[in-house]
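Encoded as structure tokens, the structure appears first; notes follow it.
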Amino acid sequence: MGSAPEEFLRLLRDSARQGTFVKLTLGRYGGSDGTLRNLYVRPVMLHAGPHWSFIWRHATRDITKNHSPAEGLAQIARLIGNDFGTANLFTTTQDAQLEFPPTGQAWIKVTAHETAAPPSDKHDRQKERSIAARVPWLQGLGVTASNGMVREGMAAKFRQINRFVELLTPLLQEAPLPVDRPIEVADMGCGKGYLTFAAWQHLHEIAKTPAHIRGVELRPELVELCNGIARTGDCSGLEFTAGTIADTALDPLDVLIALHACDTATDDAIARGITARAALIVVAPCCHKEISPQLTAPAVLAPALRQGIFHERQAEFVTDALRTLLLEWAGYDTRAFEFISTEHTAKNLMIAAVRRATADDQEAAAECVRAFARFYGVHSQQLARRLDFSLA
């Protein structure tokens, strides 16, 4: 390894030791994985102590793995100049750019910040967030205290809120949303409204996009609570109404969100979005009870699926795969990816669907759905019923 990579690794090692390390990005991937795009690394504080979070960005999903700082440094040393052709280090005092040209020697450029922040001796320093901790509705919902600090036990919820906004931002940019009127957003089964408020904050205060956002929740006491917080926080364009996913009027509708709707309630939400021709549908399924008793193991899988945990996970896979295939049949481009780390919840899958501008071969897509259902012995599924789609 030449002097430039050695200097880069020294800067990374020093920033980690001094507590000034903010993040690291590796780009220009040249390895054998055809879907991998970039690698992002940042320091995190876990129960086990300081770690580095590696986020492997693929074309349709992100994979997150945590390593000790020593393991992380060793892995980065192996990756730079081999799998990745560029590396950028960001610290509170300086930034470093490492390049491996196709021809010639590697070079490094170090830029000091004009106004450098003082080094921190804490690994769990305050991170940059899409949603600042001091917004009034976070205090109203009990996420933060009056001093703007995240309350004990609410750090995971605060991270979830910001992760949601991080994922929603590019999806909104990709979706064919109207430009001649405010966009209509519905958060179905919104519960206490954490992510409904987050969507409002992003659209109104960050993206500066005219929007009317409605949270729909069955429990009237939560509706009353959220409407009171919205009024107190002057959240113009945000309202909460009492109702069910299946029965609430949604006309017009541009963006449908349904996170952790239980079992077939997720199917009801997807069906409402498709029927309304929503430009963007975002769901995070929870519970997968309907398919499990129907699941007939193909011969090669039968011995393994006799284990209850494997049967349960297979039922989750089949349910959510059918949902994505039905969305494709209905004219949407879909992707499934990790919402938040499994260290917070096992129910961490998110399905996002963006309506296509042009129709694809619907009959071929229909046969794909039916072939998949036949393979697993599935003869009935809520989303298919709601769309009048025959699995036979």
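Any read-out appearing in this document is the output of simple, stated calculations on the displayed coordinates, not a laboratory observation. Just so you know, these numbers come straight off a predicted model, no measurement behind them. With ideal geometry, Cβ positions are generated from the backbone for all residues, glycine too; neighbour counts draw on all protein chains shown.
The simple spin-label model puts a point 7 Å past each Cα toward its Cβ; for residue 300 and residue 385 those points are separated by 3.2 nm. Summarising the strand pairing of region 165-386, around 35 percent of its internal DSSP beta bridges are antiparallel.
Kindly provide the helix-only [θ] at 222 nm of the chain, computed as the sum of -39,500 (n - 2.57) over DSSP H runs of four or more divided by all residues, to the nearest 500 deg cm²/dmol? Could you put the intermediate results ahead of the total?
Values: 11 runs with 129 residues, N = 392.
For the chain, the value works out to -10000 deg cm²/dmol.
The distance between label points at residue 42 and residue 13 comes to 2.6 nm (points 7 Å beyond Cα on the Cα→Cβ vector).
Among the trypsin sites (Lys or Arg not before Pro) within region 57-99, those in coil by DSSP and having at most 16 neighbouring Cβ atoms inside 10 Å are 61. Amide H to amide H distances under 5 Å link residue 23 with 90, where only residues 5 or more positions off or on other chains count and H is placed in the peptide plane.
Classify region 3-112 as rounded, prolate or oblate, taking a ≥ b ≥ c as the square roots of the eigenvalues of its Cα gyration tensor: rounded when a/c is under 1.5, otherwise prolate if a/b is larger than b/c and oblate if not. Write out the running numbers ahead of the final one.
Details: a/c = 1.91, a/b = 1.07, b/c = 1.78.
Judged from the Cα gyration tensor, region 3-112 comes out oblate (a/c at least 1.5, b/c at or above a/b).
Hey, how many Å between the Cα centroid of region 270-287 and the Cα centroid of region 36-83? That distance is 32 Å. Of all beta bridges that DSSP places with both ends in the chain, some 70 percent have antiparallel geometry.
In terms of the mean number of neighbouring beta-carbon atoms within 10 Å, the peptides 291-297, 134-140, 212-218, 43-49 order highest first as 212-218, 134-140, 291-297, 43-49.
Residues of region 55-73 with an amide N closer than 20 Å to a point placed 7 Å from the Cα of residue 90 along the Cα-to-Cβ direction: 55-58, 62-67, 73. Test of understanding: ordering 379, 202 by Cβ neighbours within 10 Å, fewest first, what list do you get? Result, fewest neighbours first: 379, 202. Between the helical axis of 362-376 and the dominant principal axis of the chain, each derived from Cα atoms, what acute angle in degrees is found, rounded to the nearest 10? Taking the Cα atoms of the chain, the angle to 362-376 is about 90 degrees. Restricting attention to the chain, lysine pairs at least eight places apart or on different chains and with alpha-carbon atoms under 16 angstrom apart total 7. Look at 287, 262 and count the other Cβ atoms within 10 Å of each Cβ; fewest to most, that gives 262, 287.
Sorted by packing (mean other beta-carbon atoms within 10 Å per residue), highest first, where do 235-246, 182-193 land? It would help to have the intermediate numbers written out before the result.
Values: 235-246: 17.9, 182-193: 22.8.
Descending mean neighbour count gives 182-193, 235-246.
Rounded, prolate or oblate: which fits region 258-354, taking a ≥ b ≥ c as square roots of the Cα gyration tensor eigenvalues, rounded meaning a/c under 1.5, else prolate when a/b beats b/c? Prolate is the answer for region 258-354, as a/c is 1.5 or above and a/b outweighs b/c. Selection among 140, 56, 68 by position relative to the dipole of the chain gives 68 as farthest towards the positive end (Cβ unit charges, Cα centre).
Projected over all directions and averaged, the alpha-carbon convex hull of the chain occupies 23.2 nm². Largest GNM mean-square fluctuation among 198, 299, 321, using the chain with Cα springs under 10 Å: 299. In the chain, the longest principal axis of the Cα atoms and the axis of helix 265-275 are about 80 degrees apart. Roughly speaking, what % of Cα-Cα pairs in region 165-386 are separated by over 26 Å, rounded to a whole number? Distances greater than 26 Å cover 38 percent of the Cα pairs.
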